Ligand code: TXA
Ligand code: MG
């Protein structure tokens, strides 16, 4: 795998990106940063290249990929030639592109069938990341790109995380530092009567509702955080580290009590090596028996954003440090980025999320 580390030298960056773009044009796999997470890119027009994405990630063959474009003129190459986006689509693109919003459209003939297994819709987004857009523009093709992790593992928000999972099986990696948002894009299906959020992400329900005249609703199976942990939707673990993840949200005092109870539980074996993520003011107020090197205080003033930004990296770090259990101070899932973060935490924890 060729790895390019980008920095302040524009000439070097440009040379690196044109090499990476040539690889993409030649049907190779290249990972690159976006504002959400690192993506594993291949030409969306090249069936063999797209199939290689599935192989590299060990991704289930029925899970469709998002196509990334550099600008709106490129959108036409992804959609059917006679298709005209609706008014709501246009309002959303104007408001949120480039940005973490994936819109579903009817798929055009040029797109490789492996991009959209089982559906005639294709997810499209324009990343809010100059390096990503430059790479796509130079490659001159729309780029299919799922998150650049092995399927089931936490998404990568750093180049090292990409290398850890996929270093042996991909051709190139563009390293331009950590991602800004840290959770993936919102996936939205705009219908005639309503807009349906299929995956909560960087663009929130409120933000979407502000821009279009349609009701904005969550796909029914998506989130019911108050449902018991063994609800049917909880049966798969995604975004998951090796350690057990436990999440509480609600009253700080109650969160503290629940964390303490877990840490002191006689039933829990003595090999327990707990890690914790919580707001800095919470960790300084309440004393918890957790090793100092496994406690990660995040700024309480923008805790939701900080949790989104650092979560996937911390999950990986705790695995490296040999943590058996990860205790997480969760956030209100009904507000802002909280919906996306708690959705990922619900999956990472296999449903071990409690409101207290
Ligand atoms: O932020 C992101 O979206 C990142 C960066 C790299 O752009 N990409 C990403 O891709 O998260 P991936 O493959 O890890 O997740 C894509 C999600 C999947 O849950 C997939 O099922 C859904 O989007 N999706 C993609 N195309 C779809 C379609 N045509 N219909 C329904 N769901 C679709
Ligand atoms: Mg993914």
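Structural remarks
- Per-q log10 I(q)/I(0), the stretch 96-203, q = 0.15 Å⁻¹ (Debye; single scatterer per alpha-carbon; no solvent): -0.75
- Fewest-first ranking of 129, 89, using other Cβ atoms within 10 Å as the exposure measure: 89, 129
- Summary value for the chain: 20 percent relative contact order, contacts being C-alpha pairs under 8 angstrom separated by 6+ residues.
- GNM result for the chain, Cα springs below 10 Å: residue of 281, 242, 319 fluctuating most strongly: 281
- Using the Cβ-Cβ distance between residue 15 and residue 242 with R0 set to 35 Å, the FRET efficiency works out to roughly 0.35.
- Counting only the Cα atoms, the stretch 63-106 fills a convex hull of 84 Å³ per residue.
- Shown for 96, 32, 282: other C-beta atoms within 10 Å of each C-beta, ranked fewest to most, produce the order 282, 96, 32.
- DSSP bridge orientation in the chain - percent antiparallel, rounded to nearest 5: 35 percent
- Between helix 47-57 and the chain: long-axis angle, C-alpha atoms, 0 to 90°, nearest 10: 10 degrees
- Stretched out straight at 0.36 nm per residue, the stretch from residue 355 to residue 284 would grow longer than its current Cα-Cα span by 23.4 nm.
- All-pairs Cα distance distribution in the chain, expressed in whole percent, bin size 10 Å: 5, 25, 32, 24, 11, 3, 0
- Using alpha-carbon coordinates, inclination of helix 252-264 to the longest axis of the chain, degrees: 70 degrees
- Highest-fluctuation residue, 76, 88, 295 considered, GNM on the chain with Cα pairs under 10 Å: 76
- With contributions of -39500 (n - 2.57) from each DSSP H run of at least four residues, the per-residue ellipticity at 222 nm computed over the chain stands at -9500 deg cm²/dmol.
- With neighbours defined as other Cβ atoms within 10 Å of a residue's Cβ, the residues 1, 259 order from fewest to most as 1, 259.
- Percent breakdown of C-alpha pair distances by 5 Å bin, ordered from the shortest bin, for the stretch 70-137: 3, 17, 26, 26, 19, 9, 0
- Annotation: average projected area of the stretch 145-222 is 6.7 square nanometres, based on the convex hull of Cα atoms across all directions.
- Selected from 303, 239, 286 as most flexible by GNM, with the chain as the system and alpha-carbon contacts under 10 Å: 286
- For the pair the stretch 105-162 / the stretch 1-27, the C-alpha centres are spaced 18 Å from each other.
- Per-selection Kirkwood Rh - the stretch 252-356 (Cα, Å, 1 d.p.): 14.1 Å
- Nitroxide proxy distance, nm - points 7 Å out along Cα→Cβ at residue 198 and residue 90: 2.4 nm
- Rounded to the nearest 10 degrees, the angle from helix 303-320 to the longest Cα principal axis of the chain is 80 degrees.
- Working from the Cα coordinates of the stretch 23-89, the gyration tensor eigenvalues give, after taking √(5λ), semi-axes of 23, 14, 13 Å in decreasing order.
The numbers here are math on the coordinates, done by the rules we state, and not lab data. Keep in mind the model is a prediction, meaning the values are calculated, not measured. When we count neighbours, we look across all protein chains shown, and the Cβ atoms used for this are built from the backbone with ideal geometry, even at glycine.
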